[in-house]
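Worksheet for the structure shown next.
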Amino acid sequence: MRAAGGAQALTPASVRLHGVAVVRGGRCVLDVSALEVAPGECLGVVGVNGAGKTTLLRLCAGLLRPTSGAVWVGDTNLAAAGSWRLTRLRAAIGYVPQATEYNGHLPLTVEEVVAMGRAGRAGLLRRLGPADREAVRAWSERLGLGPLAARTFPTLSGGEQQKVLLARAMAQEPGLLLLDEPGANLDLDWKARLVALLEEVVGATGVTVVMVSHETGLLPACCTRVALMRAGRILRLGPPGDVLTADALAETYGCPVEVAAVHGRRYAVAARPEGS
């Protein structure tokens, strides 16, 4: 992707997990023996609450270290990297958490939050230049945030906050984009725009994407594989047409599921038992 200020252009990053386990309070919350995401690939991650999806993303973002095993982004083992190396690497990783994870109590404006994505690229000792400011403006406008630029983050709705965090990540021009429920709190129109935007960005830049979503219909058409997760483990992994089936999703969610294909995407709904 084109980098600002003459910096070296970022290239799509690979992701590899090997023998990874995360243990909290004596309980294993994530157990992934092997997972690889190729440079430029878009991987969807679907599963119930508490399946370990957010933990997986935080590992890939370098925000959490595994109890055991190795997590590689490109040629860097995140579990063994020092703080300086991790800081440099995070500048190439766009992480979009759920809005509830972000410290929204800070009185920062929309423009300032989006600009934080460029600050990571520029470094703490360099002021944002014209190219940085243009990236902030362009992505804010792209996500309909222009009129909200001077509003503070805590005053926004949940959907507006989600768009601000996505704009921050995209202004960063990452080589790896990690999305945790990016469609949460968005209305129908913006959910459709989100899918179209992701398809356009992936097609134009080749950025590597790992996207968590409860809604299978939000996985973009460029998503080449889907991982189904339950109880910290990957139950199924493969092409959407092979994985997003009624039987596989019923196993994942623990209830009957019906699946319908619409415009190249697969939508899943819980099927009510007869007589209920």
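The values are calculated or read from the model by the stated rules, or taken from the named source; none is laboratory data. None of these values were measured; they are calculated from a predicted model. Heads up, the Cβs are rebuilt from the backbone with ideal geometry, glycines too, and the neighbour counts pull from every protein chain shown.
Laid out as a table, the results:
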quantity: Given (1) over 22 Å from Lys53 (Cβ atoms); (2) of a type outside the set (Val, Ile, Thr); (3) at pLDDT below 90; (4) within 14 Å of the chain's Cα centre (by Cα), index of the condition Ala192 fails; calculated: (4)
quantity: Ser33 being surrounded by 15 or more Cβ atoms within 10 Å (Cβ to Cβ) and among the hydroxyl-bearing types (Ser, Thr, Tyr); calculated: no
quantity: Some residue of segment 227-241 being within 19 Å of the chain's Cα centre (by Cα) and free of Cβ contacts under 8 Å to residues at least 12 places away in the same chain; calculated: no
quantity: Test: residue in segment 134-154 that is on the phi > 0 side of the Ramachandran plot and either in contact with a Ser or Thr (Cβ under 7 Å, 6 or more places away or on another chain) or surrounded by fewer than 23 Cβ atoms within 10 Å (Cβ to Cβ) (or both); calculated: yes
quantity: Residue list for segment 227-249, restricted to those being of a type in the set (Gly, Ala, Ser) and closer than 30 Å to His18 by Cβ; calculated: Ala227, Ala231, Gly232, Gly238, Gly241, Ala248
quantity: Restricting segment 144-171 to residues that are among the aliphatic types (A, V, I, L, M) and in a helix (DSSP H, G or I), the residue that is farthest from Ala91 (Cα to Cα); calculated: Leu148
quantity: Within segment 263-276, considering residues that are within 14 Å of Gly241 (Cβ to Cβ) and not charged (D, E, K, R), the one modelled with the lowest pLDDT; calculated: Gly264
quantity: Total residues in segment 44-76, condition assigned to a loop (DSSP other than H, G, I, E, B), farther than 14 Å from Ala13 by Cα and among the charged types (D, E, K, R); calculated: 1
quantity: Given (1) more than 28 Å from Asp242 (Cβ to Cβ); (2) in a strand (DSSP E or B), index of the condition Ala79 fails; calculated: (2)
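Here's the yes/no breakdown for (1) modelled with pLDDT under 90; (2) farther than 21 Å from Asn49 by Cβ:
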{"residue": "Pro174", "(1), (2)": "no, yes"}
{"residue": "Val202", "(1), (2)": "yes, yes"}
{"residue": "Met211", "(1), (2)": "no, no"}
{"residue": "Ala227", "(1), (2)": "no, no"}
